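The values are calculated or read from the model by the stated rules, or taken from the named source; none is laboratory data. In this text, all values refer to a predicted model and were calculated from it rather than measured experimentally. Cβ placement follows ideal geometry from the backbone for every residue including glycine, while neighbour counts extend to all protein chains displayed.
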Amino acid sequence: MNDHSAAIQAMFGRIAGRYDLMNRLMTFNRDRSWRRFVVRQAQLSPGGWLLDIATGTGDIAFEARRQVPDLHVVAADFTLPMLRVGQGRNGAGGIAWQAADTLRLPYADNTFDAVTSGYLFRNLDNIPAALAEQVRVLKPGGRLVTLDTTPLPRSLLRPFIQLHLKIVIPLLGRIVSGDGSAYRYLPESTLGFKTPGELADLMRAAGLIEVTYRRFMFGTMAAHWGIKPGNTAPELSAAP
């Protein structure tokens with residue numbers, strides 16, 4: 001693990017206990033609807049296999065199980081305190097919680113029908129490597145879906161959104177989580193992240209086809225999705 005990854009792991013470990021609450025506050029509770037959208041775009045079927053990488057406390061994983069009760073869900077993250085919070089939530093027993101690094105996934109090729117993530121790529125220093133790993137473990141015809149922040153689009157609301165990111169969120173983070181530095185980093189990582197078009201280009205370069213994205217919350221969030229080429233031949237009895 002390099003220094004950047006170690007710093008990210010430590011930061012998310014510190015804020016794990018208040019991570020869900022801060023997400024609700026920062027997004028005015030809209031993050032729940034975006035995660036529902038992510039799961040719908042994954043087009044999951046009963047008996048299928050989903051990998052939710054960088055799962056955090058498992059919001060996407062829980063939503064996937066809610067939408068498709070017979071789904072096999074692997075919720076993986078390299079921050080153990082986040083996984084422990086997720087494992088303490090109601091319904092956690094129906095999910096397989098695993099420690100895994102997104103840059104070195106411990107799964108065989110062509111394992112999952114879909115791979116999802118939320119707020120993963122902006123925290124990476126090697127997005128192409130993470131995409132390559134996710135595409136590798138997808139079955140042909142499988143779908144990769146990710147939700148992340150985006151740099152601010154030019155609009156009349158831009159100054160107010162910048163105020164929210166640079167002042168309100170760090171202050172809220174210090175009050176609620178006791179860690180203002182983490183919630184200074186998160187807005188900075190948003191402002192310095194790829195545009196939706198740039199991330200879509202990286203997904204295409206990783207071999208995905210039919211790459212599409214949709215923006216939310218005045219253009220500050222985006223869900224991207226794409227398909228691994230090839231015909232789908234599900235083997236629903238196969239476990240990762």
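Pairs are defined by a Cβ separation below 7 Å, a sequence spacing of at least 6 or placement on different chains, a first member in region 189-209 that is β-branched (Val, Ile, Thr), and a second member that is in a strand (DSSP E or B); the pairs so defined are 190/149; 209/226; 209/227.
Show the residue pairs that are 6+ apart or on different chains and have beta-carbon atoms under 7 Å apart, the first residue being within region 121-135 and at negative phi, the second being of a type in the set (Phe, Trp, Tyr) and assigned to a helix (DSSP H, G or I). Final answer for the pair search is 127/121; 130/121.
Starting from residues that are β-branched (Val, Ile, Thr) and modelled with pLDDT under 85, keep the ones in region 1-44 and report whichever is farthest from residue 219 (Cα to Cα).
Restricting attention to region 1-44, the residues satisfying the condition of being β-branched (Val, Ile, Thr) are 8, 15, 27, 38-39.
Then keep just the ones that are modelled with pLDDT under 85; that gives 15, 27.
On the way: 15: 26, 27: 13 Å.
In this case the residue turns out to be 15.
Could you please find all residues in region 5-35 being under 29 Å from residue 111 (Cβ atoms), of a type in the set (Lys, Arg) and exposed (fewer than 15 other Cβ atoms within 10 Å of the Cβ)? Of everything in region 5-35, just one residue is under 29 Å from residue 111 (Cβ atoms), of a type in the set (Lys, Arg) and exposed (fewer than 15 other Cβ atoms within 10 Å of the Cβ), namely 32. Would you confirm, using the coordinates I've provided, whether residue 95 is under 26 Å from residue 180 (Cβ atoms) and surrounded by 14 or more Cβ atoms within 10 Å (Cβ to Cβ)? Taking the combined requirement at face value, the residue does not satisfy it. Yes or no: residue 167 at pLDDT 80 or above and either out of contact with any Gly (no Cβ under 7 Å at 6 or more places or on another chain) or aliphatic (A, V, I, L, M) (or both)? Against the criterion (at pLDDT 80 or above and either out of contact with any Gly (no Cβ under 7 Å at 6 or more places or on another chain) or aliphatic (A, V, I, L, M) (or both)), residue 167 does not qualify. All of 141, 180, 230 fail the test of being under 17 Å from residue 51 (Cα atoms) and more than 19 Å from the chain's Cα centre (by Cα), apart from 141.
With respect to residue 149, is the statement that it is surrounded by 14 or more Cβ atoms within 10 Å (Cβ to Cβ), out of contact with any Cys (no Cβ under 6 Å at 6 or more places or on another chain), modelled with pLDDT of 95 or more and among the hydroxyl-bearing types (Ser, Thr, Tyr) true? When the stated conditions are applied, residue 149 does not pass them.
So if I check each of 89, 66, which one is exposed (fewer than 14 other Cβ atoms within 10 Å of the Cβ), in contact with a helix residue (DSSP H, G or I) (Cβ under 9 Å, 6 or more places away or on another chain) and over 23 Å from residue 7 (Cβ atoms)? Going through 89, 66 in turn, the sole match is 66.
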